[in-house]
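The values are calculated or read from the model by the stated rules, or taken from the named source; none is laboratory data. Please read all numbers here as calculations on a predicted model, not as lab measurements. Heads up, the Cβs are rebuilt from the backbone with ideal geometry, glycines too, and the neighbour counts pull from every protein chain shown. Just the protein is used for accessible areas: all its heavy atoms, side chains included, with ligands, DNA and RNA removed. Shrake-Rupley method; radii C 1.70, N 1.55, O 1.52, S 1.80 Å.
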Amino acid sequence: MGRKRKKRIKRSHPPGTLPGTLVAHAEADAVPVQIFMFSYGPDRCEERALRPEEIPSLAVPENGVLWLDIWGLSDPGVVKAVGDRFGFHPLALEDVLNVPQRPKVDRYENHLLIVLKEVRYPEEPEQVSLFLSDRVVVTFQERAGDPFDPIRDRLRKGLGRLRSAGADYLAYSLCDGIVDSFFPTLEKLGDEVEELEERVMASPYPETFRDIRQSKRRLLEVRRAVWPARDAMNELLREDSRLIRPETRVFLRDCYDHTIQVMDMVETYREMASSLVDEYMSSVSNRMNEIMKVLTIMATIFIPLTFIAGLYGMNFDREASPLNMPELGWRYGYPFVLLVMAITVAGMLYHFRKRKWL
C-alpha cells in the first residue's frame, strides 16, 4: 500500500484581495496564541506572559529593550494589535500570516522585517518572522518550541553582553540561534545518509529506495530554507539602517559565515543522497545479474539431463528390432544412465568454475 499523500493547504489570498489583509491559515488554527514578554536592561529583566488585550498598553523601556515573543498565528487580531501598537507596516504584517514566505529582509520607514525558516528534524519547516524597531523586537512563530531557550537563559541570568546591548544585538542573537539550529538537523540527516549508504550496499530493497527519496526531500527542504537565509543575512549585514549599529555588524558577519557553512554541508549531503540513487540502481542491477546468472547456470545444467531423460523416455519396441534401445535390457542400465547424468553435471560445474562463472 502506498503512502498517504499529505493534503495540500491553500496558502494564498484570492485574486484581488486588498494589500495588507490579515487572514489566519488552516494549519495555524490548532495552535492557540501564546504571548511572552521580556523587558530588560543592564541591571534588570522582567519576564511574563501577556493576554492579547494587554498589547495596546505595552510600554517600551527607556534604557532597555522590549522583546515580544508570540507563538501561533491563529488570531489575526493579535498580529494587527501588535502592528498598531508599534507602527508596523500592513504589508509586513501580511507576510507574517501568509506563510510560507521566502527568507528575506524587508526595510520599512521605522523598522525591519526579517523572515527566516527553522528546520527541526524530522518536523516540517517553521517560519519565524522578526521585527526590529527602536528598542523593540517582536518575533512571530507558527508553533511552540524554538531554539531560543539559551537566549532566554542569558537574559534571565544576565550572562554575556545581551542585556547591555541594544535591540539589534538581540535580533542578531535570535537569527544566529535559528541558523545554528540547522547544524544538529544536518548532523542527523548526515547520519541518515551514511546509514542509507550501508543499506544500499547490503540490501537494495524498495524500502531502501523509499527512504532515499525521503532523505532527499528533507535535504531539499533544508536547502530551500538555508539558501535564501544566506542572502538575507548578507543583505542584513550590508543594510544601511540606523537600527543596526556598527559593532553589531561584526556579529552579523559571523552569522553570515554560519549560513555558508550550512550551505556547504547541505550541498555535500545532497550530492551523497543523489549518488545513493545511482548506487541503488547499480546494486539492484548487480543483484538481478547474479540471480539471472544462477538461473542460467541451472537451466544450462538441465539441458543435457533433459536430453538424456527424453532420449530414454522414447517407447521403442525392443522385440521389433535388436537396435531399438538395447540399453533397456541391460542389468545395470538404469544406474549407468544416472552415472552418466552425474558425470555430465560434475563436468559442467568444473567447466563453469574454471571459467570463473561460479
(message) Can you give me the % of accessible surface on the stretch 277-330 that is carbon or sulfur? Probe 1.4 Å, all protein chains present, nothing else counted.
(response) 66 percent
(message) Only bridges whose two residues both fall in the chain count here: according to DSSP, what percent of them are antiparallel, nearest 5?
(response) 85 percent
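If you take the alpha carbon radius of gyration of the stretch 117-198 and divide it by 2.2 N^0.38 Å, what ratio comes out, to two decimals?
1.31
Compute the FRET efficiency between Ile303 and Glu194 as 1/(1 + (r/R0)^6), taking r as their Cβ-Cβ distance and R0 = 41 Å, and round to the nearest 0.05.
Details: r = 46 Å, r/R0 = 1.13.
For Ile303 and Glu194, the calculated efficiency is 0.35.
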(request) Compute the accessible area per residue over the stretch 94-158, keeping the other protein chains in place, probe 1.4 Å, unit Å². (result) 37 Å²
(message) Run the paramagnetic zone check for His351: 7 angstrom along Cα to Cβ, then residues of the stretch 267-305 with backbone nitrogen under 19 Å.
(response) 293-305
(request) Would you mind checking Lys104/Lys216; Lys188/Lys216; Lys117/Lys216; Lys117/Lys188 for any pair whose Cα atoms are more than 20 angstrom apart? (result) Lys104/Lys216
(message) Suppose R0 equals 25 Å. What FRET efficiency, 1/(1 + (r/R0)^6) with r the Cβ-Cβ distance, do Arg143 and Asp180 give to the nearest 0.05?
(response) 0.80
(message) To the nearest 20 Debye, how big is the dipole of the stretch 86-125 about its Cα centre, given +1 on the beta carbon of each Lys and Arg and -1 on that of each Asp and Glu?
(response) 140 debye
(message) Taking the Cα centre as origin and putting +1 on Lys and Arg beta-carbons and -1 on Asp and Glu beta-carbons, what dipole magnitude results for the chain, to the nearest 20 debye?
(response) 1180 debye
(request) Just grab the label-to-label distance for Met288 and Arg48, each label 7 Å out from Cα along the Cβ direction, in nm (one decimal). (result) 7.0 nm
(message) Given a 1.4 angstrom probe, I'd like the percentage of the accessible area of the stretch 148-214 that is carbon and sulfur, rounded to a whole number.
(response) 47 percent
(request) Provide the FRET efficiency to the nearest 0.05 for the Arg210-Leu159 pair, computing r from the beta carbons and using R0 = 41 Å. (result) 0.35
(request) Pull up all non-local amide H partners of Val136: gap of 5 or more, or a different chain, and H-to-H distance under 5 Å with H placed in the peptide plane. (result) Leu66
(message) Output the 0 to 90 degree angle, nearest 10, between the alpha-carbon long axis of helix 182-202 and the longest principal axis computed from the alpha carbons of the chain.
(response) 0 degrees
(message) For a quick check of your reading of the filter: which trypsin sites (Lys or Arg not before Pro) in the stretch 191-289 sit in a DSSP loop and have no more than 10 other Cβ atoms within 10 Å?
(response) Arg242
(request) With a probe of 1.4 Å, find how much accessible area the stretch 182-290 has per residue, and write the answer as a whole number in Å². (result) 55 Å²
(request) Name the most mobile residue of Leu97, Leu68, Leu159, meaning the one with the largest mean-square fluctuation, in a Gaussian network model of the chain with Cα contacts below 10 Å. (result) Leu159
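Grab the eigenvalues of the alpha-carbon gyration tensor for the chain, scale each by 5, take roots, and send me the semi-axes largest first in whole angstrom.
Values: eigenvalues 1120, 93, 49 Å².
So the equivalent ellipsoid measures 75, 22, 16 Å along its semi-axes.
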(message) Given the options Phe336, Tyr280, Pro32, identify the residue whose Cα lies farthest towards the positive end of the charge dipole of the chain (+1 on Cβ of Lys, Arg; -1 on Cβ of Asp, Glu).
(response) Phe336
(request) Report the full-extension gain for the segment Met281 to Phe316: residue separation times 0.36 nm, less the Cα-Cα distance, to one decimal in nm. (result) 7.2 nm
(request) Would you mind putting 307-316, 83-92 in packing order, based on average other-beta-carbon counts within 10 Å, highest first? (result) 83-92, 307-316
(message) Under a crude label model (7 Å from the Cα following the beta-carbon direction), how far is Asp257 from Glu187 in nanometres?
(response) 2.0 nm
